[in-house]
1. Please go through (1) part of a helix (DSSP H, G or I); (2) open to solvent by less than 50 Å² (accessible area, probe 1.4 Å) for residue 298 and return the number of the only condition it doesn't satisfy.
2. Regarding the range 17-25, can at least one residue be identified that is out of contact with any strand residue (DSSP E or B) (no Cβ under 9 Å at 6 or more places or on another chain) and either under 20 Å from residue 192 (Cβ atoms) or away from the ligand (no atom under 16 Å from the Cβ) (or both)?
3. Working carefully through the options 106, 79, find the one that is loosely packed, with under 14 Cβ neighbours inside 10 Å, assigned by TED's automatic domain parsing to the domain that holds residue 218 and within 24 Å of the chain's Cα centre (by Cα).
4. Mind telling me which of the residues 149, 184 ends up being within 30 Å of residue 301 (Cα to Cα), free of Cβ contacts under 8 Å to residues at least 40 places away in the same chain, surrounded by fewer than 24 Cβ atoms within 10 Å (Cβ to Cβ) and in contact with a Phe, Trp or Tyr (Cβ under 7 Å, 6 or more places away or on another chain)?
5. What about residue 386, is it surrounded by 23 or more Cβ atoms within 10 Å (Cβ to Cβ) and part of a helix (DSSP H, G or I)?
6. Is there any pair linking a residue in the range 155-179 that is at positive phi to one that is within 11 Å of the ligand (Cβ to nearest atom) and not in a strand (DSSP E or B), with Cβ under 7 Å and at least six apart or on different chains, and which?
7. Just wondering, is there one or more residues in the range 205-221 that are more than 16 Å from the chain's Cα centre (by Cα), open to solvent by less than 10 Å² (accessible area, probe 1.4 Å), under 27 Å from residue 365 (Cα atoms) and away from the ligand (no atom under 12 Å from the Cβ)?
8. Restricting attention to the range 83-99, does a residue exist that is basic (Lys, Arg), in a helix (DSSP H, G or I) and surrounded by 13 or more Cβ atoms within 10 Å (Cβ to Cβ)?
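The values are calculated or read from the model by the stated rules, or taken from the named source; none is laboratory data. Treat the numbers as computed from the prediction; the structure is a model and nothing was measured. We place every Cβ from the backbone using ideal geometry, glycine too, and count neighbours over all the protein chains shown. Note: accessible area is taken over every heavy atom of the protein model, side chains too, but ligands, DNA and RNA are not part of it. Shrake-Rupley method; radii C 1.70, N 1.55, O 1.52, S 1.80 Å.
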Amino acid sequence: MMREDFPILQKVIYGKYPLVYLDNAATTQKPRCVVDAMTEEYFNVNANVHRGVHFLSQQATDLHEASRETVRKFINAGKTSEIIFTRGTTESINLVATCFSDAFMKEGDEVIVSEMEHHSNIVSWQIAAQRKGIVLRVIPISDDGVLDIDAYKALFNERTKIVSCTHVSNVLGTVNPAGEIVRIAHEHGVPALIDGAQSTPHFAVDVQDLDCDFFAFSGHKIYGPTGVGVLYGKEEWLEKMPPYMGGGDMIKTVSFEGTTFNDLPYKFEAGTPDYIATTGLAKALDYVSSIGMDNIYRHEQELTEYAMSQLLKIDETVIFGPKDKHDAVISFQVGNIHHLDMGTLLDRLGIAVRTGHHCAEPLMRRLGIEGTCRASFALYNTKDDVDALVNGIRRIRQMF
Ligand code: PLP
C-alpha cells in the first residue's frame, strides 16, 4: 500500500533491498507530500505567526490555524479552541499532569494510571507527585496484558481526582476500552486523559464519542514531522487550568504588576509554535484521511494477524499481549535468544525492529522480563515484510 509515497523505503541498507521497516511504533516514515508541504512553506511563506500585519505572517498564520482545524476534524473535537499544539504526546501529558494537579489536586489526592503505561504517563505524574504530594494508583493487568476493569473500579475513592490511561499499549498491542475507562471515571465524578500515541495512527478516533476530557498524540507516529503533537482538552477543564509556560502568544496584557492570559488554545501555547511542523502534521492527517483510517486499520489488522500466526509457527516463540484484539504491535521472544542479539542480527538482514523495554519498565517488571523484540506495522508494510521477518528469525534461530 502506497510504498512509493515514502522515499526512505527505497533505501538499501547492508546491501539489502527493500528495507523492511518494522519500527513504526517508535516513529513512522514520512510521505513525500508531508516533506514537500514543509519545504514549500519554508521557501515561500515563512514568517512568524500571530504577530505580524505583513502578508507572509498572515499567510503563515492562516496555514497554522487551518492545520488546527484539520486536527480538530481528524479527532472530531467540538472546537478548535480545544486543540493545543505541543511537541508531542509527552509534552501533552506533562502539561496536564502539571496544570491539572496545580489547579485541582492537593496532598494525598490520587491519579489512576495503569500497569502498561509508557514512561511519559508515569514519570510526568511522579514529578507532579513530588511537587504536590499526590499519589499514583495503578490498574493491574492480566498475564496476557488486559486491564483488570474490576480492579480499576475498586481503585476509586474520594481522593481520586483524575484517570490517565493509554488507549493502546506500545508493547502489548492491547487496545484498551477507552470509552469504558472514561465512563467509569465520569461515574466517579473525575475526568480522564487518554494517551492516543499508539491509537491515532491505526484507527479512527472520535474524542467526542470517547467523551474523554483530555487526549494526547504525536505527529511523528502518524506520518507527520517530529516535534509536534496535540493535546485535546475539554474547554471546561482547560479554562480552569493555569498556563503551562509563560512567554509570547499566551498573554493578553503584561505589566510588572501582573499579566492577563490569552484565550484558549493560546493560553497553553507560549512562544513561537512550530508552525512549519503543524503544516506537516495537517498534511499527514489529510494523507491518511485520503487513504481512509478504516482501510489502514483493515490492512494493518490483516498483517498483524498474519504475523502472529507465522511467528507462532516458530518453535519456542512467545508473543506478549492479548491473542485477540491486538493492535499493529507485536512484542515477542524466541527461546532464550536475547532481544538485543535478535534485533542486531535482524538489522544485518535489512529488517528494522525495536528491542528493549520500550519505555515501559514497570510493565517489563510485571511480565518478569527485561525487554522484548518488537515489530510494529504501518500502512506501507506488506506480507513480504512479515515473511522477511519470519524467515530472518528462523535463520537467526538456527545460528543459536
Ligand atoms: N505514549 C505511548 C503509548 C507511546 O508509545 C509513546 C511513544 O512511544 C509516547 C507516549 C511518547 O510519545 P512521544 O515520544 O512522541 O512524546
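1. Here residue 298 meets the rest and fails (2).
2. Looking for residues that are out of contact with any strand residue (DSSP E or B) (no Cβ under 9 Å at 6 or more places or on another chain) and either under 20 Å from residue 192 (Cβ atoms) or away from the ligand (no atom under 16 Å from the Cβ) (or both), one finds at least one in the range 17-25, hence yes.
3. 79
4. The unique qualifying residue is 184.
5. yes
6. Short answer, once both residue conditions are applied: 173/327.
7. no
8. For the range 83-99, residues basic (Lys, Arg), in a helix (DSSP H, G or I) and surrounded by 13 or more Cβ atoms within 10 Å (Cβ to Cβ): absent.
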